[in-house]
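First the structure, in the form of C-alpha cells, and then the observations on it.
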Amino acid sequence: FEECSSLTSLDLSNFDTSQVTNMEDMFKSCSSLTNLDLRSFDTSKVTNMRYMFDSCSKLTKITVSNKWVIKSGTLTTDMFSNCGTNHVTVV
C-alpha cells in the first residue's frame, strides 16, 4: 500500500499475514489514513517493520490483537516517523 496517498480506508479483516517476514514500508506515505484495524495481522514471523507507518500524517489509531507480536531483534527503525501526531494509539 506504500504511497497510496488518497487511500482513506482498508478492509484488512481477511488478511493472512502468518507467513509474512517483511512489512517494511507497508503503509508508508498513506497520508489519508486516519486509523487502521490490524486485528487480523499475525506478526509472529515478521523480522522487518522498518518505516511501516512512516509519513502516515493523519494516522492516529491502530487496533491490533494478541497476534501482533514484535519479537526481540525485529527491525523497527522509524516505524512511526512523520506520523501526524506525537503518538499513535495502539489498542
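Put a plus charge on the Cβ of each Lys and Arg, a minus charge on the Cβ of each Asp and Glu, and nothing anywhere else: the dipole of the stretch 1-88 about its Cα centre is then about 280 debye.
Annotation: extensible slack from residue 57 through residue 76 equals 5.0 nm (criterion: 0.36 nm per residue apart, minus Cα-Cα distance).
Spin-label model, residue 66/residue 6: points 7 Å from Cα along the beta carbon direction are separated by 4.2 nm. Neighbours of residue 73, meaning other residues whose beta-carbon lies under 14 angstrom from its beta-carbon, give a summed charge of +3 when Lys and Arg score +1 and Asp and Glu score -1.
With the radius of gyration and the Kirkwood radius both derived from the Cα set of the chain, what is their ratio Rg to Rh? Mind dumping the intermediate values first?
On the way: Rg = 12.0 Å, Rh = 12.9 Å.
Taking Rg over the Kirkwood Rh, I get 0.93.
For the chain, the relative contact order is 28 percent, taking Cα pairs closer than 8 Å that sit 6 or more residues apart in sequence and dividing their mean separation by the residue count.
Values in this text are rule-based calculations from the coordinates and carry no lab data. Remember, it's a predicted structure, so these values are computed and weren't measured experimentally. Backbone-built Cβ (ideal geometry, glycine too); neighbour counts: all protein chains shown.
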